[in-house]
Amino acid sequence: THTPRVFSGIKPSGGLTLGNYLGAIKKFVQTQDSEMETIYCVVDLHAVTVWQDPADLTHATREVAAGYLASGLDPAKSILFNQSRVSGHAELGWLFNCVARVGWMNRMTQFKEKAGKNAEKQSLGLYAYPSLMAADILLYHATHVPVGEDQKQHVELTRDIASKFNHDFKAEGFFPLPEPVIEGPATRVMNLRDGTKKMSKSGESDMERINMTDDADKIAKKFRKARTDPDALPDNYEGLKDRPEARNLVDIYAALSDTTAEAVITEYAGAGWGQFKPALADLAVDKLAPISEEMARLMADPAEIDRTLAAGADRAREIAEPILSKTFDIMGF
Ligand code: ADP
Ligand code: NA
């Protein structure tokens, strides 16, 4: 049996969104104070699966780190680092490319969504990315992975890779089968302009997402222009079943105020958008403004962020090295 250990990460491929905050970072902070060891990574090797301008990659890596720190992740309580500085990720990723099957990758819905009709034009890295993600998690024998709903299938694939490795190499129990931790009202924050798509930092239009660094005016404007239906809020959550845009805004409100969507509906039963949207914007500004101010302060001293990440990488390497070395051993290298 494995000691409980938490691993998760965010790609530095653009600015952080409210989806990243509610679906991931906020949960990282909550988990940090549990008994479990917590490891949070800036997964820069994943970012380059699509084109990244080198200067943008450097900036975005620091910005994700600043987002972690400004939201309350504490290098004294969690290991914070960027993936490319611990070479074990790439090494174990390769070994897992040789464990995972092409058919498994073909079933990954995120690749299909990202590649669209242009699968043949995508990088091989984008296709193989779930195998590297399995390596990220299993390099630390992590048992719990806090993520948004969109990553559930990749954590399941991680379990398949761990099982197949353990079985093929007669190493029962060597790799743990990690659990996705997907809880709370905002496990899939939707795009504000198109309620069928998730809010994403790589989305097309800035109006479709709230960035963690948006100022109060921008946040208010984006919520005011968010697509909704014309109806008032119902008096129970069931009443939002076929109203995805309305439900999304209620879910965001609930997650930001640490309550349930049911409680929000009870409070705002019968309210129109003219009342609910400004209340939501005020709440979002309340929660995000202190974080974005702290991010700006941290970003003014990039060398300090780099030092924090480098110190985290040293600690990550200490955990990773014996596990990687044992993996090579098991395989006969
Ligand atoms: P993005 O899709 O914004 O590029 P990443 O792929 O880097 O984000 O995901 C980082 C983490 O943020 C993952 O745990 C992912 O599930 C979570 N996440 C991303 N977007 C959302 C969203 N719209 N709602 C909830 N969680 C999200
Ligand atoms: Na902890």
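The numbers here are math on the coordinates, done by the rules we state, and not lab data. What you see is a predicted model; the values in this text were computed from it and never measured. Cβ placement follows ideal geometry from the backbone for every residue including glycine, while neighbour counts extend to all protein chains displayed.
Among the helices (runs of 4 or more DSSP H) confined wholly to the stretch 242-333, which include 2 or more residues that are of a type in the set (Gly, Ala, Ser) and touching a strand residue (DSSP E or B) at 6+ places or on another chain (Cβ under 7 Å)?
By residue number, 302-331.
Would you please name the residue that is farthest from ILE319 (Cα to Cα), looking only at residues in the stretch 24-60 that are within 14 Å of ligand 1 (Cβ to nearest atom), surrounded by fewer than 22 Cβ atoms within 10 Å (Cβ to Cβ) and of a type in the set (Ser, Thr, Tyr)?
Looking at residues that are within 14 Å of ligand 1 (Cβ to nearest atom), surrounded by fewer than 22 Cβ atoms within 10 Å (Cβ to Cβ) and of a type in the set (Ser, Thr, Tyr), I get THR49.
So for the stretch 41-57 (the condition being within 15 Å of ligand 2 (Cβ to nearest atom), over 13 Å from the mean Cα position of the chain (by Cα) and not in a strand (DSSP E or B)), does at least one residue qualify?
The answer is no, given that none of the residues of the stretch 41-57 is within 15 Å of ligand 2 (Cβ to nearest atom), over 13 Å from the mean Cα position of the chain (by Cα) and not in a strand (DSSP E or B).
Residues of the stretch 170-189 being in a loop (DSSP other than H, G, I, E, B) and within 11 Å of ligand 1 (Cβ to nearest atom), which ones?
Of everything in the stretch 170-189, those that are in a loop (DSSP other than H, G, I, E, B) and within 11 Å of ligand 1 (Cβ to nearest atom) turn out to be ILE182, GLY184, PRO185, ALA186, THR187, ARG188, VAL189.
Which of (1) within 16 Å of ligand 2 (Cβ to nearest atom); (2) part of a loop (DSSP other than H, G, I, E, B) does GLY15 not meet, given it meets every other one?
Single failed check for GLY15: (1).
If you scan the stretch 120-129, which residues turn out to be part of a helix (DSSP H, G or I) and under 22 Å from MET199 (Cα atoms)?
LEU126, TYR127, TYR129
This table checks each residue for (1) over 25 Å from the mean Cα position of the chain (by Cα); (2) surrounded by 15 or more Cβ atoms within 10 Å (Cβ to Cβ).
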residue	(1), (2)
THR228	yes, yes
GLU245	no, yes
GLY272	yes, no
ALA279	yes, yes
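Do you know which of the residues in the stretch 193-239 that are hydrophobic (A, V, I, L, M, F, W, C) and part of a loop (DSSP other than H, G, I, E, B) is nearest to ASP150 (Cα to Cα)?
Selected residue: MET199.
Tally time: how many residues in the stretch 89-114 are among the polar types (S, T, N, Q) and either outside any helix (DSSP H, G or I) or in contact with a Leu (Cβ under 9 Å, 6 or more places away or on another chain) (or both)?
Total meeting the criteria: 1.
Could you check ASP306 against (1) of a type in the set (D, E, K, R); (2) surrounded by fewer than 19 Cβ atoms within 10 Å (Cβ to Cβ); (3) under 28 Å from LYS198 (Cβ atoms) and say which number it fails?
The failed condition is (3).
Would you say GLU113 is without any contact (Cβ under 8 Å) to a residue 12 or more places away in the chain and under 30 Å from SER292 (Cα atoms)?
In short, no.
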